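The values are calculated or read from the model by the stated rules, or taken from the named source; none is laboratory data. Fair warning: this is a prediction, and the values are worked out from it, not measured in the lab. Cβ: placed from backbone, ideal geometry, glycine included. Neighbour counts: every protein chain shown. SASA here: full protein model, heavy atoms, side chains in, ligands and nucleic acids out. Shrake-Rupley method; radii C 1.70, N 1.55, O 1.52, S 1.80 Å.
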Amino acid sequence: MLKVGVMVSGGGTNLQAILDAIDHGTITNAKVEVVISNNPGAYALERAKGHGIPGVCLSPKSFDTREAFNEALLAKVDEYDLDLIVLAGFLVTIPAAMIRKYRNKIINIHPSLIPSFCGVGYYGLKVHEAALARGVKLTGATVHFVDEGMDSGPILLQKAVEVLPGDTPKILQQRVMEQAEWKLLPQAIDLIANGKL
Ligand code: GRF
């Protein structure tokens, strides 16, 4: 059984997609052991609670230095003896020591077709604003392993989504989540849990 930790910052719809997929048997051989948020107000923590999963908040703001936060985050992750860490809308940079220790065990979902609209400054709605500003007709989502760079690790899965006339960043974000993110992330976890990647 793959022990999964999910890291979140916001609403947690991707977390929900993972929990639903486990409940429905679309993901097999995996269990979410903990949900970690940097944001005490993240609704994702409520979703964890509703599923009887420990929800932990570690905010950089509660630590004197970034180093102290980084150490605490790594210690927390270590506590759960995780096989896979899933970044599901986690907006904090993963400490280098954690990337080294969990090499090829951390995956992230990014709401574009990498290498488009990714890297420093491309997060949340900004990704979709940039896609619309460039006038692309296709965008999508990418699941990739996390390495020391920003959105630069090996790509696991991608799915394209159409950009439609009249799209606003919010409308496009919603379509990318529904058609790509909520499917790809559970699919990636299932593949890893069943040794297919
Ligand atoms: C998603 O678009 C994800 O790709 C991103 O932030 C959003 C998180 O949404 N980077 P949620 O918290 O899973 O609802």
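With a Förster radius of 35 Å, plug the Cβ-Cβ distance of Asp78 and Lys49 into 1/(1 + (r/R0)^6) and report the FRET value to the nearest 0.05.
0.95
At each listed q (0.10, 0.15, 0.16 Å⁻¹), what is the log10 of I(q)/I(0) that the Debye formula gives for the chain modelled as equal alpha-carbon point scatterers?
Here the Debye-derived log intensity ratios amount to -0.39, -0.89, -1.02.
Do the sum for the chain: with -39,500 (n - 2.57) for every DSSP H run of n ≥ 4, divided by all residues, what is the mean residue ellipticity at 222 nm, to the nearest 500 deg cm²/dmol?
So the calculated ellipticity at 222 nm is -10500 deg cm²/dmol.
Once phi is turned into θ = phi - 60°, what whole-Hz ³J(HN,Hα) does the Karplus curve with 6.51, -1.76 and 1.60 give for every residue of the stretch 141-147, x standing for Gly and Pro?
With the stated coefficients, the stretch 141-147 comes to 9, 9, 9, 9, 6, 9, 10 Hz.
Restricting to bridges with both residues inside the chain, how much of the DSSP beta-bridge set is antiparallel, in percent to the nearest 5?
40 percent
Accessible area per residue of the stretch 1-106 at 1.4 Å probe, in Å²?
47 Å²
Taking only protein heavy atoms into account and a 1.4 Å probe, give the accessible area per residue of the stretch 132-194 in Å².
About 49 Å² of surface per residue is accessible.
Round to a whole number: what % of the accessible area of the stretch 1-131 belongs to carbon and sulfur, probe 1.4 Å?
Carbon and sulfur atoms account for 51 percent of the accessible area of the stretch 1-131.
By how many nm would the segment from Met1 to Ile171 grow when fully extended, if each residue of separation counts as 0.36 nm and the alpha-carbon distance is taken off?
So the chain would gain 57.5 nm between Met1 and Ile171.
Please compute the modelled spin-label separation between Leu191 and Leu125, points set 7 Å along Cα→Cβ, answer in nm with one decimal.
Once both label points are built, they end up 3.2 nm from each other.
To the nearest µm²/s, what D does Stokes-Einstein give for the stretch 15-97 at 25 °C and 0.890 mPa s, using the Kirkwood radius over alpha carbon pairs as Rh? Write down the numbers at each step before the final one.
Values: Rh = 13.7 Å.
Approximately 179 µm²/s, per Stokes-Einstein.
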